[in-house]
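Enquirer: Please see the structure below; I have some questions.
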Amino acid sequence: MFQRMLSWAVIFFGISSALFPGASFAGIREEARELTKNGNIDGAITLLKNSAEKSENPDLFLDLGSLLGKAEKYAEALDYVGKGIKFFPGNAGLENLRGLLYYKSGKIEQAKASWNAVLKMNPKNSFAAEWIKKIQKNELNQSSANSTEIMEKIKDSSSGSENGSTTLSLDSSSPTLPLEEQKKLAVKIFSDLGAMDKNDLSEVGRLYRELIRKCPDTEQAQESCWRLSNMYLSAYDSPNYNSALEILELFMKRYPFSPGVDQVKSDLLFIYDMLGKHEKLIELYKPSFDAENKLSNEDYVAHGYRYAKALEKIGKTTEANEIYKKILEKDQGRNSISAIMARQKLNK
């Protein structure tokens, strides 16, 4: 899960650049996730190294530091996380990660300093508070297995064992409010969200779903779909793929011409892949690959492997092999990771 992890503080408060922040980096993060999922952590690390310092997105530093930590390259992880904190001072997700990396490096005092810095910014940050408490009580479990599990679970805020389920339906039998009333209510709900404790994920989720249900014609409803789906994917101990899927499929149905569609499609493809919904993944990808000229060579190479793999899973091996061949053709000798994996498939 950790390679998927976003900073919940960034998701909750960091809306910028049009409707969806970081959309321009979605391809980079998706490719890094794919590499990690296929066991190529070194390839994912290289990709993120080449992108992080050029970006305006703290999530790339979080992903990079997390993967380096997972690979037990703690000194290098600390170096990059430190750079991220210089670029994005006050980012609690990066500071929490630095504390954990310090701890795993045996630098307990530096770890405490990082977590105390987080608590100074937000005294209710449960991740930092829990680790300070454990250090003070000398109850840290030193086994590497437990440490690895904790590394996988780090997040900017923690809500215990919740998985994001909610009883508030997105459907409503009530008449739709007039647009002006929707706008006023959406502004009020966003104001309430900004003032509340972001660690109260149950209440955060309830408010987002209320906004999506009652204010469907507002820009805030589209933004809430994105934020809520990311909460389900990133803010809990394990991703709630089904709840995220419900939100994102609703977005695609309601807002097919939104500027956020490309980012939502990227997340849907990831979720379909994780849930083994190969037919759904193919259905979403098919128009782009049928109209091959719509894809740049770079995009074809980046997405073709996942598409071909899904075709293989449903028994369409011949079609999959054609995609693998085109990946090699469009890679133009660059020997990218996708091309290497495609060649391995064809050589089997």
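Computed from the coordinates by the stated procedures, all read-outs in this text should not be read as laboratory data. Not measured: the values here are computed from a predicted model.
Enquirer: Tell me which aspartates and glutamates have Cα within less than 19 Å of residue 104's Cα, excluding those fewer than 8 residues away on the same chain?
Expert: 63, 72, 76, 79, 95, 130, 139, 149, 152, 156
Enquirer: Pairs to check: 265/326; 313/345; 54/309; 73/345; 70/313; 286/326. Give those whose C-alpha atoms are more than 21 Å from each other in this structure.
Expert: Exceeds cut-off: 265/326; 54/309; 73/345; 70/313.
Enquirer: Using just the C-alpha positions of segment 179-346 as equal point scatterers, what log10 of I(q)/I(0) does the Debye formula give at each q in 0.15, 0.20 1/Å?
Expert: Here the Debye-derived log intensity ratios amount to -0.86, -1.20.
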